[in-house]
Each structure stands twice: as C-alpha cells, then as structure tokens.
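See below for the structure under consideration.
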Amino acid sequence: MSDAIRLIGLPGSGKTRFKNAFQAAFPEAVVDEVPAEAASSAQAQRTWCVIDVRSPVQDAEAQAWLKAMLQTATGIVFSFVETADMTMQAKWQAWLKLACPDALPRYRWFSHAALGDWNWREFDVPDEVCSVDFAVPSLDTFRFDFDSGSLHLEHLLFGLDTMKQNLGARLWRVQGVVMTSEYQNPVAIEGQIDRWDTYAGVLDGSGYLCLQGENLQRALLQEIIDASRLS
C-alpha cells in the first residue's frame, strides 16, 4: 500500500490539525485532506476517518454521514483525546461497535504528544478498500472580514443559534478569530453541527468569521453580525 493517506471526517473533526501534526512528524507521507462533502468514495489507498471524541454526535444527519464515511475508511483517528474523558471515549467505542461491525484499527491522537514513535505504516493494512457512494449535504460557505471594531460574542452566538433553531439553517462549520467586548485578547470561535467552542486566539491582521452550512442566507448572516457589532 502506498504512503498516500486520505483524511475524511465530519466538518470540524480535527482533520487539518491532525494533518499538520502528522506531516511535521512524517514529511515523507502524502496526506490529502478530503472535504467532508467530497468523501463519498474511497481510493485504493489508506483512508483514515478522523472523529472528534469530546462529545457525541447527536444530529441524525451527521450520524448517518459519519456511518457512511466509515464504510470507506481503513482506519480511525480519535482527535481531541486529551480533552475527552474516559466515559465519553467509551461511549464512542460502543457507538463504533454498532456503526462499524467490521472493527477498524483505531489511533488515539493526543495533540500535545509526539507522533514520531507511531509505526503508522502497520496501522491499517486492509485486504481491500470499499467504494461507497452516498448522498451528502450541499454546503454553502460565507466569509466575513472585520477590519476594525469588536463584536459582542454572546449576541453573535445567540443570533447564530436562533438562526439554526427558528429558520432551518444548518451550520456544519464555523471558524473565526474576532475581537470581542467580553475579552481583551482575540477570541477564536470553533463551531460544529452539535457544539460551540471558544478559546484564546491569535490575530494576524483583521478578524474574520467563516461559516459553512445549508440554507444559509448571506444577508441574514450579515444582519446578525451587524447586530453584534459595538459602536
């Protein structure tokens, strides 16, 4: 099997973080991060499904999407393991036992630990690679840049959540770094279909917010952002 690796997984599962760490440790490997909406079939190569194990996937469509991707995978990488308690990791193991009866090899990735000792070439050696076609959501992507000023973080997240709950929008991925009224330092925003995370960020230039999902309206998103701006 070649050293080429495909990374698949739900939006926000940690594919980019893992790819960067893996390529730093093993520069000879060729890693292709496949957008979730394009991961409907496998190539004749290693295909690793990256799963964020900090919390369960509650959304029914997301669960179905993940199950379909697992059918094309040759291995599973658990991401964000250092912030997932053992109970949650056990729940994921139980879920995978039902979702993926043909057990795939699994690697628990700790982002603070070195990858150099991992014998990844022996991680997954399948007899054959499946090719599975399945329907995936058609995702729109919108980016907003902020040259100056701050946002009220609580108002922004409330507005986005209201759009999801009341207007049928489905936010699969939110990424951004912004200045806010609540904190002196920049705040990084990470959103997935089932969860929000905020933490200290770094700004190299203007702030931004990138949203990916279904049934999104740019004009409405702009209204939410404008309502969150501080004069």
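The values are calculated or read from the model by the stated rules, or taken from the named source; none is laboratory data. All of these numbers come straight from a predicted model, not from anything done at the bench. Note that each Cβ is placed from the backbone with ideal geometry, even for glycine, and that neighbours are counted across all protein chains shown. Surface accessibility is based on the protein's heavy atoms, side chains included, excluding ligands, DNA and RNA. Shrake-Rupley method; radii C 1.70, N 1.55, O 1.52, S 1.80 Å.
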Q. Among the residues of segment 194-221 satisfying the criterion of being of a type in the set (A, V, I, L, M, F, W, C) and either more than 24 Å from G14 (Cα to Cα) or in contact with a Leu (Cβ under 7 Å, 6 or more places away or on another chain) (or both), which is surrounded by the most Cβ atoms within 10 Å (Cβ to Cβ)?
A. L211
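Yes/no matrix, rows are residues, columns are (1) within 21 Å of L66 (Cα to Cα); (2) assigned by the TED database to the domain that holds T72; (3) in contact with a strand residue (DSSP E or B) (Cβ under 6 Å, 6 or more places away or on another chain):
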site	(1), (2), (3)
S148	no, no, no
G159	no, no, no
N166	no, no, no
R170	yes, no, yes
Q184	no, no, no
E190	yes, no, yes
L216	no, no, yes
Q222	no, no, no
Q: Search segment 58-106 for residues being farther than 24 Å from R121 by Cβ and among the polar types (S, T, N, Q), and hand back the single one that is least open to solvent (accessible area, probe 1.4 Å).
A: Q89
Q. If you go through segment 167-196 one residue at a time, how many are free of Cβ contacts under 8 Å to residues at least 24 places away in the same chain and within 14 Å of L221 (Cα to Cα)?
A. 0
Q. If a residue has to be modelled with pLDDT of 80 or more, assigned to a loop (DSSP other than H, G, I, E, B) and open to solvent by 40 Å² or more (accessible area, probe 1.4 Å) to count, how many in segment 113-145 make the cut?
A. 3
